[in-house]
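Following: one structure in structure tokens, then a few remarks.
The values are calculated or read from the model by the stated rules, or taken from the named source; none is laboratory data. These numbers were taken from a predicted model, which means no experiment stands behind them. Neighbour counts are summed over all protein chains in view; Cβ atoms, including those assigned to glycine, are modelled from backbone coordinates with ideal geometry. Please note that ligands, DNA and RNA were not included when accessible areas were found on the heavy atoms of the full protein model with its side chains. Shrake-Rupley method; radii C 1.70, N 1.55, O 1.52, S 1.80 Å.
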Amino acid sequence: MRGSGQGNYYNNSGYDPNSYNSSGNGHAHRGQVRNSAPVAPENSALADELRRILKGKPTISGFNRSLKHEIISFASELFKFCTVAALCVGFLFGGFGAGMLLGYVSMTKPLSIADITQTDEIQTSFVYDSEGNVIAKLTGNENVDRIYVPISEVRNTYLEEAVISIEDERFYEHSGIDIRRIGSAVLSALGNGGTATYGGSTITQQTVKLISGNDQHSTSRKIQEWFAAMNLEQELSKDEIMELYLNLAPMGNNYVGVQAAAQNYFGKNASELNLAECAFLAGLPKSPSYYNPLRESGRRNALRRMRIVLSKMYELGHITEEEYQAALNTELLFRTGETENSNDINSYFAEYAISEVINDVAEARGISVDLATTIVYNRGYQIYTTLEPNVQSVLDEAFMTRDLFQQDPTLLVDLPEKPQAGMVVINVQTGAIAGMQGGYGRKPGNMVLNRATQAYRSTGSSIKPIIDYAPALELGLIVPSMIYVDEECHLDPNNPAAAWPLNADRTYSGAMTIRRAVALSKNTIAVRVWYDVGGDTALWFLQQQGIDMTAEGAYPAQALGSFTTGITPLQMCGAFNTLASGGTYTEPYAYTQVLDSNDNVVLTCTPESHRVYSAETAFLMSSMLEDVITNGTATGAVSVITNANGETIETAGKTGTTDANLDKWFCGYTPYYCGAVWYGYDNRLRQTLIPRIDKPNANRIWYYVMNKIHQDLPAASFNRPDTIVEMEVCASGYYATDYCREAQSTTTDFFVAGSYLTPREDSVCPIHTAPVEETQPQEPGITG
């Protein structure tokens, strides 16, 4: 928000840098053992100093391109211009080019401008939770990045004249395109070291790009842009086009439009800008990052460009010589400090839901995200979300509880940052996001890092159920009781001499069932199962669960969660919810419907949903993941969830740890909710290892939240399909016999009826058999 008082400003006229902040290997068979796989200064000396510092063009090329690059760029622009001219001639006189031109024009998408010029009806938009409570209000004043301002409010400033002078001096004369300007822009680039002082596009053309978000560089795109600009001129007045440009122009640092720029750079409204400030802002859209006022070099470049704008305004007669000289001598006072009312800070969930609505509006209407944002924030929309307030309140509570994040705060005193986490909870029945938290402690501001949706981290072993074991179950390669051998193996194709993978405890346990390997998170067996599934197939299953890593190609380390790019808690939660829901993946969604101020439906969310696993696979995988909690890597920090009456709600989950303990995960679910937690450090300055005492914190956070949100829910079990049978089997994996029972080597497990991997009575254990009777040798000479 705008700062107050003169203490929020500083004088940068001296430019003191210190004065401002600147595929598979074969099928498994039952019983088989696996072994491989303006203040105008009165002092004229100050004016002279300003001129000395700011005179001339920037010392560094605005685009830092070589002469060769500039020649190629010029040739490309010349080619496009000549092509368009030839097509136009062809259109006028028939023959070649007419068909192509008509083809390009026919593909021009109409601009969706139904409500973007209703500046007299700017209204607050509201965001509601699933129970109809308001969780966010969207107004220009609360959204400092983009604040819509009607052109009538800036008519008493020089903003229009400044923009027209530097961007489109014949704006009020042309019908959308200006051939003369295109040619002069090319000449300007040649005369200024490859950097034109202005572009070839008219304000109308630029507005078309700002509306559509289409800024591709091609001949067809340029022709379509020209015709779209001419159409826009037919639909809107010049004032309406100028208003759109002033409100959609990029101003650097994520600020969009002159009002947001005026408030954030100068601490005032756009209607209060003086001549120099207007010229300064008019020069920013050409290259917002190069002319970034928040960086020392960027501010110097922006001030030099301001002088170019002022010169052009004087040349075109928009200002007098006296006004020109006064503006050159005007001391710009930039805003310092940044204040933000905590009451205006939206929650992590609200921001995510709003961003989803904005993206969907942009896609549905074929407009830019910037324009969609302006519409969503200023048109009185009613956004109905999936947020469940009881779930979110528990999440908020957990992420304000220091003991869940820092078991011993004294151990963290010398660390460069404090531990963080991100968590998402999804309603299993609907696939909707019930709540999320993106960081520990109070949210510091709007649009900060949301670790629930934006923290792409390595998942460690938490990936195993959805890339190794569930795919293998679905393909009929394994059953929970199948035996694999946990032993030293050499499965790294790039280094076959080295023992890989290693287990977390660097030991091996020999023969064990798949169920036990899942519970103990054995890396050797997980990689062997991945080889059985096949790398490409494993990636296909992962993609079907909402995590697309196919572009990376398959390699064995993926079996353990090692990818070039990380995965977010939201993605992991959506994938695990596939198992929780019985094998159907539903793309997580945050809103259900959007209405306009007249209660007309703007958007209805229809999440994509498809089956990935059979109900049998989902049940078997869930059954094995229950062991992770009751007798595996999560035992102690996570328990089976019980409600307020002490009744059991079946609970399944998987832990995850990355190399050197940089990341800790827990992803788990019940028949009601699925939750995924990442815990660790942002590592902005250096890699920080999680202290030993804090290693179970992801598990603790997950259990704290999930246990509390289930207190008022009845007891529940995972759905067991009728095709699932429970059988007693030998530890060898074969059908159990009395001899197996005598050897106390039996266990009970689940199987799919009729599957070739289900033990049969005619396939008994070959290990535990009847003892062989010993025959007594006869004495020599005794016969008959």
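Observations, loosely collected:
- Flagged links, alpha-carbon separation over 32 Å, of LYS443/LYS695; LYS418/LYS464; LYS137/LYS209; LYS286/LYS418; LYS286/LYS443; LYS137/LYS268: LYS286/LYS418; LYS286/LYS443
- Descending principal axes extents, segment 216-313, alpha-carbon based, whole Å: 39, 29, 28
- Evaluating 6.51 cos²θ - 1.76 cosθ + 1.60 at θ = phi - 60° for every residue in segment 308-319, the Karplus couplings come out as 5, 4, 4, 4, 5, 5, 5, 4, 8, x, 6, 9 Hz, glycine and proline recorded as x.
- What you get for segment 716-774, charging only the Cβ of Lys and Arg (+1) and of Asp and Glu (-1), is a dipole of about 320 debye around the Cα centre.
- Ordering of 377-388, 315-326 by burial proxy (mean other Cβ atoms within 10 Å per residue, highest first): 377-388, 315-326
- About its Cα centre, the dipole of segment 227-284 is roughly 240 debye, where the only charges are +1 on Lys and Arg Cβ and -1 on Asp and Glu Cβ.
- Segment 420-495 - Rg and Dmax from Cα coordinates, angstrom: 18.8, 53
- For segment 648-726, the pair-distance distribution built from all alpha carbon pairs, in bins 10 Å wide starting at 0, is 17, 38, 25, 15, 5, 0 percent.
- Note on segment 317-406: along the principal axes its Cα atoms extend 65, 41, 21 Å, ordered by decreasing extent.
- Translational diffusion of segment 590-686, estimated by Stokes-Einstein from the Kirkwood radius over alpha carbon pairs at 37 °C in a medium of 0.692 mPa s, is 194 µm² per second.
- Cα Rg, Dmax, segment 414-573, angstrom units: 17.7, 53
- When you filter the chymotrypsin sites (Phe, Trp or Tyr not before Pro) in segment 215-295 for DSSP loop state and at most 16 other Cβ atoms inside 10 Å of their Cβ, nothing is left.
- Across the protein chains, with a 1.4 Å probe defining accessible surface, the residues LYS443, LYS137 rank LYS137, LYS443 from largest area downward.
- Taking trypsin sites (Lys or Arg not before Pro) across segment 501-558, the ones in a DSSP loop with at most 15 further Cβ atoms lying within 10 angstrom of their Cβ are ARG506.
- For segment 502-570, carbon and sulfur atoms together expose 54% of the accessible surface, with a 1.4 angstrom probe and every protein chain in place.
- Note on GLU552: accessible area approximately 50 square angstrom, rounded to 10, probe 1.4 Å, nucleic acids and ligands left out.
- Apportionment of accessible area to carbon and sulfur, segment 268-339, percent (1.4 Å): 46 percent
- Where LEU502, LEU404 fall by accessible area, highest first, once all protein chains stay in place (1.4 Å): LEU502, LEU404
- Nearest-10 value in Å² for the accessible area of ILE693, using the 1.4 Å probe: 70 Å²
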